[in-house]
Amino acid sequence: MALSGFRRRHRHERTGFVLYAAAVQAARDPWFYRTLGVPDTLDGRFDLVCLHAYLLISRLAAQPSPGPALAQAVFDAMFSDMDVNLREMGVGDLSVGRRVRTMWEAFHGRAAAYGGAMSDPVALTAAIARNVWRGARPPSGSAAALARLLRAQDAHLAAQIAGNWERVMAGEAGFLAAQEASKPDPAAQSDSS
């Protein structure tokens, strides 16, 4: 009976935390804040974590089993981390649940906006500007650079999954360096000329 208070661990929980940590690491690149002018605030950091976690979750959810379970594990890791961070910041126990729920809804809204716009660079740029800068005008070219980054990171994750799904299932997924991922695609520029 003494162990009954411990919750049963999900089989993919550890892998979910490892994959989520890769998304957080990618979102912490100082280049986002120094060069693109992403607000270096709790909201700005949350939005970049959402952007990178969205990519992992959507790619994993589209895979055969255990892909959807891994996607859920990444999502669970993200919101477990949000809960812990709010508590460490001193948010009261009674408010944490409400704040996490608000963040959960924000994530789902962003995921829907980004997922619906991935094939349309103009719509994706607008969704990113609206969410990351929250009504403020982004620095010139910054939202477009983040849209390019999102599409490049998505392609990079797709290649990792296609090339070595077993490694991804073990928690090995990487992101491109932010500055590199946001560069314009030379092929796309020559096509539009």
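Each reported figure results from applying straightforward, stated rules to the coordinates on display, with no laboratory input. Being a predicted model, the structure only gives us computed values, none of them experimental. Quick reminder, even Gly has a Cβ in these numbers, built from the backbone with ideal geometry, and neighbours come from all protein chains shown.
Can you tell me the FRET efficiency between ASP185 and VAL18 if r is taken as the Cβ-Cβ distance and R0 is 25 Å, rounded to the nearest 0.05?
Working: r = 30 Å, r/R0 = 1.19.
After rounding to 0.05, the efficiency reads 0.25.
Only one residue of GLN63, ALA22, VAL38 has its Cα farthest out toward the positive end of the dipole of the stretch 17-71, where Lys and Arg carry +1 and Asp and Glu -1 on Cβ, and that residue is GLN63. Within the chain, the selection of entire DSSP H helices by a Cα span of 18 Å or greater along the long axis and an average Kyte-Doolittle value of at least 0.5 returns 13-27, 42-61, 142-163.
Sequence-distant contacts, meaning Cα pairs under 8 Å at least 6 residues apart, place the relative contact order of the chain at 27 percent.
Using a Förster distance of 30 Å, how high is the FRET efficiency between SER140 and ALA112, based on the Cβ-Cβ distance and rounded to 0.05? List each step's numbers first, then the result.
Working: r = 27 Å, r/R0 = 0.90.
For R0 = 30 Å, the calculated efficiency reads 0.65.
So for the stretch 11-180, Kirkwood radius off the Cα pairs, Stokes-Einstein at 20 °C and 1.002 mPa s: how many µm² s⁻¹? The estimated diffusion coefficient comes to 132 µm²/s.
The simple spin-label model puts a point 7 Å past each Cα toward its Cβ; for LEU176 and ARG99 those points are separated by 3.5 nm.
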